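Values in this text are rule-based calculations from the coordinates and carry no lab data. Because the structure is predicted, anything quoted here is derived from the model rather than measured. Every residue, glycine among them, receives a Cβ derived from its backbone with ideal geometry; neighbour counts consider all protein chains shown.
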Amino acid sequence: MAAPKKGRKASAQSKPGRSLALILIAIVALTGGMFASGHTTPRLGIDLAGGTSITLRAEAEPGQESAINKTNMDTAVQIMERRVNGLGVSEAEVQTQGDKNIIVNIPKGTNSKQARDQVGTTAKLYFRPVLQREASGGAAQPEPSASPSGSPSASPSGSSKATDPEKSTGSATPSATATTQGRAVTDGLKADDKPSPSASADGDVAKLQAAYTALDCSKPAQRAQAGKDAKPGDTTVACGKDGDVWTKFLLGPVAVDGTEVKDAKASFDTTRAAGWQVDMTFNGSGSKKFSNITGELAKQSSPQNEFAIVLDDEVVSHPYVQQAITGGNAQISGSFTQEEAKSLANMLSYGALPLTFSEDSVTTVTAALGGEQLHAGLIAGAIGLALVVIYLLVYYRGLSVIAILSLLVSAALTYTIMSLLGPTIGFALNLPAVCGAIVAIGITADSFIVYFERVRDEIREGRTLRPAVERAWPRARRTILVSDFVSFLAAAVLFIVTVGKVQGFAFTLGLTTLLDVVVVFLFTKPLLTLLARTKFYGGGHPWSGLDPKRLGARPPLRRTRRPSAPIETKEA
């Protein structure tokens with residue numbers, strides 16, 4: 001059994017270059033990815049880059065206190081994210097804090113007053129009849145038949161299908177009165193014609209037609225303003241996204257208000273193999289309106305047999321109708337994924353939530369103040385790193401070169417990964433995250449010290465450096481893994497139980513702890529194995545940090561042969 005062990009040890013010791021090559025390839029790949037993506041610096045949070053932080057508190061209507069729950073709060077976060085994104089903000093953060101609060105962080109360069117108005121109001125959900133739609137900036141969309149082949153029919157229970165045209169086939173609708181009003185106002189606008197000023201002598205209609213013709217939903221600025229001033233009784237324009245293409249809509253007055261949706265949920269239809277669908281239930285008044293409007297729309301041809309589900313002036317879905325839907329129940333079916341069905345159900349439900357939000361606090365951080373905080377954080381990190389380097393140089397001498405190189409490798413990995421995490425998962429480097437990186441310097445240096453001290457203990461026992469490096473590694477490895485596991489566990493718990501900026505500290509601490517294990521295993525240990533073969537380190541040079549005399553090494557024990565016992569002979 002001894003021979004195989006020696007063989008495995010010799011193989012491991014003779015190929016430390018593989019580990020060094022692996023980590024070098026990782027650094028080159030991450031650096032290349034960083035430059036290829038164009039994000040060469042970590043994304044900065046509000047407290048460093050400047051911006052506005054808004055804290056909102058949820059308030060329920062009297063008798064509806066149970067409405068403040070996790071599901072409704074998560075849905076509110078989705079709605080607010082859509083609103084902020086509608087302002088052209090790509091780096092805003094919206095997240096819950098505790099049970100009743102929502103934190104909205106908006107970076108600099110955004111109209112903070114407009115953002116506050118957007119996120120602080122209750123969602124507006126409406127059902128409007130579609131009068132005209134076309135791909136924004138392109139020709140009118142081809143008109144499908146009013147009753148496509150294979151379209152599902154109403155179920156015996158009266159709960160009919162409403163289907164998103166982009167998804168599949170189906171049926172549903174807004175209110176009869178509203179649809180009639182919409183046609184009266186836009187008399188002469190056909191599904192296959194673009195709006196024309198000659199369609200009506202009315203000045204408002206002419207303005208609406210001109211606005212529809214000029215609308216380009218592919219431009220964020222125009223999307224943000226489309227239909228903003230429209231009242232529920234107005235005919236208006238709106239934008240919506242069909243897959244990857246933005247579509248512009250001409251919509252009639254509101255047929256059903258979102259508050260009349262009693263419930264909406266995603267379900268999987270196994271009976272008709274329709275896949276994921278959204279089930280809607282309306283209250284008494286909503287049921288009547290919905291029945292009237294579906295009856296009216298079912299008589300029309302595309303796209304005037306569709307109704308648009310409009311959330312905060314944006315069309316989130318526009319299913320078409322085959323027949324009147326009575327009974328207060330409807331289904332929107334099509335080629336939905338589970339996530340898409342749940343998202344639409346949440347949006348429909350949100351229009352009926354008895355939730356409003358009030359501002360608890362609004363904090364504005366200027367870019368200058370954020371720059372000062374970042375500058376102070378970097379100075380603190382540099383001072384901490386300098387103190388660690390000075391300690392290593394004084395105490396470990398030549399071994400400090402290995403530790404410093406390991407710290408540089410760890411810093412390179414941390415920087416490139418943080419730069420890539422910004423565009424991929426939205427990670428933002430805030431001041432607590434910088435503090436986490438500073439704390440990580442001590443954690444990383446601690447791992448080197450544990451290993452170095454184990455090696456020096458072996459030398460004190462009288463062993464030469466090369467066997468000391470290998471014998472010290474198993475014991476040092478266990479200690480390092482246990483220490484890093486405790487640090488990572490603390491970071492994980494802190495990340496789970498906290499919210500906001502403290503999560504930045506926990507995330508950075510956990511990330512650097514994992515990188516510490518990678519660096520020690522793939523860089524520090526292999527590098528020391530290679531340097532142990534050199535004369536400077538392996539020979540125990542006084543400045544190597546491994547001088548046996550300076551460490552008080554005991555001379556190696558030597559065995560002495562016992563004198564042979566006298567051979568007794570017997571006389572014959």
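Checking every one of the trypsin sites (Lys or Arg not before Pro) in region 281-387 against DSSP loop status and a limit of 14 other Cβ atoms within 10 Å picks out K299. Taking amide hydrogens as placed 1.01 Å from N in the peptide plane, the amide H of L44 sits under 5 Å from those of L429, each at least 5 positions away in sequence or on another chain.
Computed 3J(HN,Hα) for region 204-214, one whole-Hz value per residue from the Karplus formula 6.51 cos²θ - 1.76 cosθ + 1.60 where θ = phi - 60°, is 5, 5, 4, 5, 5, 5, 5, 5, 5, 5, 7, glycine and proline marked x.
Footprinting exposure proxy ranking of V482, V389, V310, fewest other C-beta atoms within 10 angstrom first, gives V482, V389, V310.
Along region 376-381 the Karplus relation, 6.51 cos²θ - 1.76 cosθ + 1.60 evaluated at θ = phi - 60°, assigns HN-Hα couplings of 5, x, 5, 5, 4, x Hz to successive residues, with x for each Gly and Pro.
Name the shape class, rounded, prolate or oblate, that the alpha-carbon gyration tensor gives for region 293-452, where a ≥ b ≥ c are the square roots of its eigenvalues, rounded holds for a/c under 1.5, and otherwise prolate holds if a/b is larger than b/c and oblate otherwise.
Prolate shape, in that a/c is at least 1.5 and a/b is the bigger ratio.
Shown here: region 383-422, whose C-alpha atoms stretch 38, 20, 6 Å along the first, second and third principal axes, sorted largest to smallest. For region 405-491, the Kirkwood radius over C-alpha pairs fed into Stokes-Einstein at 10 °C and 1.306 mPa s yields D = 106 µm² per second.
With both labels modelled 7 Å from their Cα along Cα-to-Cβ, the I379 to V28 distance reads 4.0 nm. Between D269 and A274, G275, W276, Q277, the built amide H atoms are under 5 Å apart, and every one of these is 5 or more places off in sequence or on another chain. Taking amide H as placed 1.01 Å from N in the peptide plane, the amide H of Q132 sits under 5 Å from that of L250, each at least 5 places away or on another chain. Placing unit charges on the Cβ atoms of the charged side chains and taking the dipole of region 498-556 about its Cα centre, the candidate lying farthest along the positive direction among L530, W543, T508 is W543. Using only Cα atoms, locate the centre of region 388-454 and the centre of region 247-288, then give the distance between them in Å, rounded to an integer. The two parts, judged by their Cα centres, are 54 Å apart. Ordered by the count of other Cβ atoms within 10 Å of each Cβ, fewest first, D257, D484 give D257, D484. Applied to region 260-271, the Karplus parametrisation 6.51 cos²θ - 1.76 cosθ + 1.60 on θ = phi - 60° returns per-residue 3J(HN,Hα) values of 8, 7, 6, 7, 8, 8, 8, 9, 10, 8, 9, 6 Hz, with x for Gly and Pro.
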